[in-house]
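Please read the structure below before turning to the comments.
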Amino acid sequence: MIFVTVGTHEQQFNRLLRAVDELKGNNAVTDDVVIQSGYSEYEPKHCEYKKMIPYSEMIEYVRKAKIVISHGGPASFLMSLQFEKIPIVVPRKHEFNEHINDHQVEFVKAIEERYGSIIPIFDIGDLGSTLEKYDSIIASKKSKFISCNKMFNQKLMDIIKQWEDVESK
């Protein structure tokens, strides 16, 4: 299953919804697709969609999804990373009236350059080929992927072990 989320920003993201829906309609995507469409006016014809989804349900969709496609809002794509899933991230763009400026574009570029833990899509025409190559793309990224939760837990365990070693002396 592919889960798509555009967040709760009050501007539409028709461009992403239309692209995903067309890929599903053309059988370029054969997986089931569930979309959280937010304030978009476009109504998918080939995918299941809901305008808004409660947080607990969002978590379940992310957990079950093979692929998560998100807008460039950090809350949306960070949820995927919590479950060690590398999301495809399509930033909203001002030129399409999807946001008030291009901060999502800049933010997504910075996250990709600094951490390499997302798959950015800056040209919506690249979405189909990215979905087609998703498994090979994430295979190359997984070796670089560092879970902050795992890193924190490991550091905490190291500190506890050090205290135990001191106490046992």
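Summary of computed values
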item	result
Only one of GLN162, GLN154 that is at pLDDT 80 or above, surrounded by fewer than 14 Cβ atoms within 10 Å (Cβ to Cβ), out of contact with any Leu (no Cβ under 7 Å at 6 or more places or on another chain) and over 22 Å from LYS66 (Cα atoms)	GLN162
Residue check for TYR55: free of Cβ contacts under 8 Å to residues at least 12 places away in the same chain and either touching a Phe, Trp or Tyr at 6+ places or on another chain (Cβ under 6 Å) or of a type outside the set (Asp, Glu) (or both)	yes
Qualifying residue in the stretch 66-88 (condition: surrounded by fewer than 13 Cβ atoms within 10 Å (Cβ to Cβ) and at pLDDT 95 or above)	yes
Inter-residue pairs, beta-carbon under 8 Å, first on the phi > 0 side of the Ramachandran plot and in the stretch 24-41, second part of a loop (DSSP other than H, G, I, E, B) and among the hydrophobic types (A, V, I, L, M, F, W, C), 6+ apart	GLY38/VAL6; GLY38/PHE13; GLY38/MET52
Residues located in the stretch 94-144, provided they are hydrophobic (A, V, I, L, M, F, W, C), surrounded by 13 or more Cβ atoms within 10 Å (Cβ to Cβ) and over 19 Å from ILE67 (Cβ atoms)	PHE96, VAL105, PHE107
Output for the stretch 70-96, where each listed residue is within 16 Å of TYR134 (Cβ to Cβ), of a type in the set (Ser, Thr, Tyr) and not in a strand (DSSP E or B)	SER80
Members of the stretch 5-42 that are part of a helix (DSSP H, G or I) and either more than 24 Å from ARG63 (Cα to Cα) or of a type in the set (D, E, K, R) (or both)	ASN14, ARG15, ARG18, ASP21, GLU22, LYS24, GLY25
Residue ID - surrounded by the fewest Cβ atoms within 10 Å (Cβ to Cβ), chosen from residues in the stretch 1-30 that are under 15 Å from HIS94 (Cα atoms) and among the charged types (D, E, K, R)	GLU10
Selection status of TYR49, touching a helix residue (DSSP H, G or I) at 6+ places or on another chain (Cβ under 9 Å) and farther than 18 Å from THR130 by Cβ	yes
ILE53 under 20 Å from GLY125 (Cα atoms) and of a type outside the set (S, T, N, Q)	no
Evaluation of LYS45 against (1) part of a loop (DSSP other than H, G, I, E, B); (2) surrounded by 13 or more Cβ atoms within 10 Å (Cβ to Cβ) (one fails), failing number	(2)
Candidates LEU78, LEU17 - the one that is in contact (Cβ under 8 Å) with a residue 24 or more places away in the chain and among the hydrophobic types (A, V, I, L, M, F, W, C)	LEU17
Count of residues meeting criterion [out of contact with any strand residue (DSSP E or B) (no Cβ under 6 Å at 6 or more places or on another chain) and hydroxyl-bearing (Ser, Thr, Tyr)] in the stretch 1-29	1
Residues being acidic (Asp, Glu) and farther than 19 Å from VAL20 by Cα - total across the stretch 95-146	5
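The values are calculated or read from the model by the stated rules, or taken from the named source; none is laboratory data. Note that the structure is predicted; figures quoted are calculated from it, not measured. All Cβ positions, glycine included, derive from the backbone under ideal geometry; neighbour counts span all protein chains shown.
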